[in-house]
Structure formats: C-alpha cells, structure tokens
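Please treat every number below as a calculation from the coordinates, not as lab data. The shown structure was predicted, so the numbers you read here are calculated from the model rather than taken from an experiment. No Cβ is skipped: glycine too gets one built from the backbone with ideal geometry, and neighbour counts run over all protein chains shown.
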Amino acid sequence: MKTLIISVILIISFPLFANEMNYENTQEYVDLTSTRKERASNKYNPSFNIASPKNLREEKSIGINAGVGGPVLLGLTLDYFITEDFNIELSLVMGYMPLVIGAKYFFTPEDNASMYIGIHGTYKTAYFPIGFQYMNDNDFTFAIEAGAIIMPELDICVDSCEEKDRNKPIRVYPWGGVKIGYHFK
C-alpha cells in the first residue's frame, strides 16, 4: 500500500518538476571538471544540466510543503533558508506531535538537486533525516528522505496518558517521508 501511494505521488508530481530543455546550444556539454562556483556563475551555462546558473535556495528562501511521513505523519511545513545551505522548518502536524521544529543542512545548495541531513524535534521526539531535495526553476520542490525517529514506545491511551508516558521506554524506529511544495521570496 505504501509503495502504491508513493508511486501515485511521484507520477502526479512529475509534470510539475519537468524542466524545459534548451536546444539552442546543442554543442555545449556538461563539464564535470567545473567547480560549483563556476556552475553557479553566469560563465557556466550548459544547455541542460542539474546545476542552475542561479541559486534557487537563495532566491526563493521561503517555502510551504505538504508532507507524508518525515517529522510529520501528515501535515504542512513552512521553511526558511537562512543561508543557501541551511534552513529552518516549522511543521504543523496531524497526528502524534502537534508542532515540530527542525533544521537541515544542504550539501550542494547551488544545484537544483541537493542531498541534506537534518534534525527535527518536539519535547517528546527527535527525528534525524538524510534526504534528497529537488527544486525546479518554476519554484516547485520535491523531497524524499529516510531516517530514524526516537520517541517513547507507542501505546494507545484511553484515559490520561501523562502517567503512562513518563514510564515508557525510549525506542528508535526507522522512518521516511515525502514532501511536495512551493518556494517564493
């Protein structure tokens, strides 16, 4: 069932993230020896490459995402890039935790696609994701991540859960998530 849901999300979101190819300069090719700064500068302009000549995370620093999994079971996330490679997030959640705060570090922020690591948490839980985010020139984003969530052992309470929560052992669970969003300035 999870595979079916993820497949449907990916199929629906693919047209949103498709780039238009520039066929004007077909002589140009991707130079794998160029540095990130060269790719980000105006001097480097290949006809089609995952590296954008502009830094989208710097230009479009504010974003809103809908997510399944990750630090949220189901919810909305607001994020803000403080610098091109570091962002903070605030998630409004439906599920176990009502509000989650977090931060992520992006390894190649000047590229449209970047791997990241992060930390998210509440007073009861902590989530440590490793993921991949793609941001296209039309301001849409897609992220997929896997990680570990550390939280009290899951239990269903009928009455007051306060006393039960204090005595629960802490467990580490494998976890993952998918987000689709939009970034703007």
>> Take V172 and E58, extend 7 Å from each Cα along the Cα→Cβ direction, and tell me the distance between the two endpoints in nm.
In response: 3.7 nm
> So for region 55-184, taking the charge dipole from beta-carbon charges (+1 Lys/Arg, -1 Asp/Glu), which of I117, L76, Y127 sits furthest toward the positive end?
Replying inline: Y127
> Just how many pairs of Lys in region 55-184 have C-alpha atoms closer than 26 Å, counting pairs that are eight or more places apart or on different chains?
Replying inline: 7
>> Let me spell out the model: positive unit charges on the Cβ of Lys and Arg, negative unit charges on the Cβ of Asp and Glu, origin at the Cα centre of region 55-184. What dipole size does that give, in debye rounded to 20?
In response: 380 debye
>> Cut-off is 10 Å between beta-carbons; in what order do M115, M135, M94 appear when sorted fewest neighbours first?
In response: M94, M115, M135
> F132 versus L76, label points 7 Å from Cα toward the beta carbon: distance in nm?
Replying inline: 2.9 nm
